[in-house]
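Each remark here refers to the structure printed beneath this line.
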Amino acid sequence: MNWKNVLHLIRIDTKSGRFLRGKRLTRFRESRIFIYVLYGGSLALGLVVGALAGILYVSASATDPNFAALADQAMLSLFLGLPTMVLIYSLILTMMQQIQRSGTKFSAQAPYWLPITWGEHTLASILTNLIGFPLVSILFITPAIILFSTFTGQVVAAAGTALAICAAAFMASAVTEVFRVLQVRFIGAIYKSTGRAAIWVRFIGSLLLFLVFYTVYFYVVSGTGGIYLLQTIASAQSAIWFIPFVWLGMTLYSFLNGLVLQGIAFVALSLGFIAALFYLATSLNRRYGLYEPPAITVSRGVYAPKTGLLGRLGFSTTEGALIRKDLKAFTRRRELMFVFIIPIVVILAPVMQGLGQMGRPVPAEASLILVAVVFLFPSAAMATMLGTFMIGEEGMTIWRIYSSPISPKSLVKSKYFFVVIFSLAVLAVTGTVGFIAFHPSLRATFVALLESILLVFALGSISLSNGTKGADFTEVPRPRMIRTRWSFINLIVCFLVATAILVPFVPYLLSSFVPGLAQPFIDPYVAAILSSIIATVITLIFYRISVKNAEELLKKAET
Amino acid sequence: MMATDYSSAVEIKKIVKRYGEIRAVDNVDLSIRPGEIFGLLGPNGSGKSTTMKMLLGLVQPDSGALNVLGIDVQKDPVAVKRLVGYVPESPRLYEFLTGIEYLDFIGDVYGMQTEAKKARINEYLKALELEGREGDMISSYSEGMKQKVALISAFMHKPKLLILDEPLSGLDPRSARIVKDFLHELKAQGVTTMMSTHVLEIAQALCDRIGIMYHGKLLALGTMDELREMAKLPDSALEDIFLKLTGTGDIRPVVEELLK
């Protein structure tokens, strides 16, 4: 193992973050100090927290003799649980980092033609995975516990825990590396075997991934699931000693309880397991590190032009072509599939919350809010977001739009239609779920549906105008689609406009929530008419702004 | 706005394009006759691609006039685009589409009739040996295959003017030969071609007239014989003429320095 090569590879990988940070790519300058501030800061914060906790411990022990014994016991429990806890969150964080990286466009392929072994590549990759929050947390925890232990007299235990934490993080990252390589190979195999259906496999697979990830996430954050899980693992390590992932915790447990031989055995087992994981990751990298997923064959030699429906709806062939192209983009481009997270989250959040409230009646006001959230929010959020993506998602292929005979009006018409149709499809799904889950009255359903549709039309036109004005065609390392400033402007404008559209319903809502106000002075149907007028005016104004912005965009093709 | 008869397929009058302090295109005058194959040569960064982009309205000149096929580019760029087939320097295609989906999209964008579109796509796929791969996602194509798709998308709507930036880059010899012969046939049908290339042998063999750009200026313009005369290099190949006219001909000392 050439350690210099490993260091070089890690250094290169950390520099890949420049694309994310740096705006100016010519005459690029970077201060090395700021790169390490985060890590230095974590270390310093860990020391400060350890020292403060130690001082508190000393002063509290002086006044209450029982406190020291209780604190010592608590610290020992923490030491025992920490390696497994670090392992779990490092696993989650490194996996999340991999998911994030899969959405980026820059090539992370190993430069295999250089005199670097696969072992060095693998080690560098494992260590690089830890850069970021896992490393920050280690740099915070280890000095904190070691410094605190100098006050409690548990320095050896703390030092052992610090080592175990580092090993646990490495173990987690090695597992992620194994999964990363397997995933590339596995997905490749799926594509090859499914042929034409591959794009649907990827699409549905991505949706399932989001669904599972967010189900776990909401389970953890909406209840005591996560904490309970960690406590169980920390306290029940002895019962599941045969699982290699708890061997680091078992090592500490053995030594702290005076079981030296058992401790030595677990040290050997832990080291062996880490070595085995590293060997497995290296072998997989050697075998599949340069694996190229096979081509996805969608059709074979059958030319089937599709012009029917959109033509009948009044779209020209150019506009129809753009709409069909975008439909394919959102079901085939992995980074665009993230738009589906919003409806999934919006449906899952109340459902998981509902599971927590199982058996308890939901108050009428709360039910009204949940209906509003499930009906109004997903489609409105989708329109707000999609509009900002529609131009920027073209990325570097925007030259095709620039060089083709596409007028600004056609461009806006096709993009706007897509935003509206897509958002209304989301409304149809979330509305159905909302109706089944919360049984709203017919009047509430009608009003919620109408308002959702109005919001989709209005917010879609606003976000498209902002998305056109602030389009960002940067693709590397990840598609940006809209400049940050314009994204914020869009959010603020959409929020204000959505409020303006819903304002006529305020009297009705006040009468529902404020006990003193018995009757609303504006009927919901009258409010709906007022709201429709406001939404229509806003939609028309921003649609025209979108066309104007598209004219500018096509003129300024050089940017 | 569209003129049906025009004496020049491309008419460039005193165009200037600045990027900050750099004059990418500096006071260029150029006229290309209908049915001509015109080669625009020059070292990297000499202003060729910028000039070509300005002809399509993709880059706005700071001053000067551009007229393509009788249409003022700045006034009606969409009308120009409708009549032009364009292949950029490094064409980025929609990689999530299959080859045939991409070409279908292009046909629709140019308003082609379904039957004509189908027939032409099939002809080009066969000619450039993409048959059997048209149903694969473009992301799985090699660079040469992507270049073929970009070329087909420029040819398929039967444009009156072709603007091709490095059209043969990445092509296999057979496909390159097909494209060259095809450009000659199009010339006979009155189609004008403006192309840039760094392969000077291609320019010499293919182009009726050649323009050499350097530091944004049009240094030389004419047929091969006229260029030889200008460079005072009778019977020389285009490479020698190019190196002499651009003042980059003193290669030997550079090579000797590298060998030290």
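The values are calculated or read from the model by the stated rules, or taken from the named source; none is laboratory data. Treat the numbers as computed from the prediction; the structure is a model and nothing was measured. Note that each Cβ is placed from the backbone with ideal geometry, even for glycine, and that neighbours are counted across all protein chains shown.
Computed quantities for the displayed model
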| item | result |
| --- | --- |
| Residue list for segment B:145-164, restricted to those being assigned to a loop (DSSP other than H, G, I, E, B) and touching a Lys or Arg at 6+ places or on another chain (Cβ under 9 Å) | B:156, B:157, B:158, B:159 |
| Hits in segment B:213-244 (condition: farther than 14 Å from residue B:39 by Cβ and in a helix (DSSP H, G or I)) | B:225, B:228, B:229, B:230, B:231, B:240, B:243, B:244 |
| Identity of the residue in segment B:165-174, assigned to a loop (DSSP other than H, G, I, E, B) and charged (D, E, K, R), that ends up farthest from the other protein chains (Cβ to nearest Cβ) | B:172 |
| Counted residues, segment B:177-217 - those being small (Gly, Ala, Ser) and crowded, with 18+ Cβ neighbours inside 10 Å | 4 |
| Test: residue in segment B:27-34 that is within 9 Å of another protein chain (Cβ to nearest Cβ) and modelled with pLDDT of 90 or more | no |
| Members of segment A:320-335 found to be more than 7 Å from chain B (Cβ to nearest Cβ) and touching a residue at least 60 places away in the same chain (Cβ under 8 Å), listed by number | A:322, A:323, A:326, A:327, A:330, A:331, A:334, A:335 |
| Condition broken by residue B:151, with the remaining ones in (1) within 13 Å of chain A (Cβ to nearest Cβ); (2) touching a residue at least 24 places away in the same chain (Cβ under 8 Å) satisfied | (1) |
| Residue within segment A:305-318 that is at pLDDT below 85, within 14 Å of chain B (Cβ to nearest Cβ), under 36 Å from the mean Cα position of the chain (by Cα) and crowded, with 17+ Cβ neighbours inside 10 Å present | yes |
| Among (1) farther than 30 Å from residue A:472 by Cα; (2) at pLDDT below 80, the one test that residue A:71 misses | (2) |
| Matching helices (runs of 4 or more DSSP H) fully within segment A:373-472 where at least 1 residues are within 14 Å of chain B (Cβ to nearest Cβ) and touching a residue at least 40 places away in the same chain (Cβ under 8 Å) | A:398-403, A:408-438 |
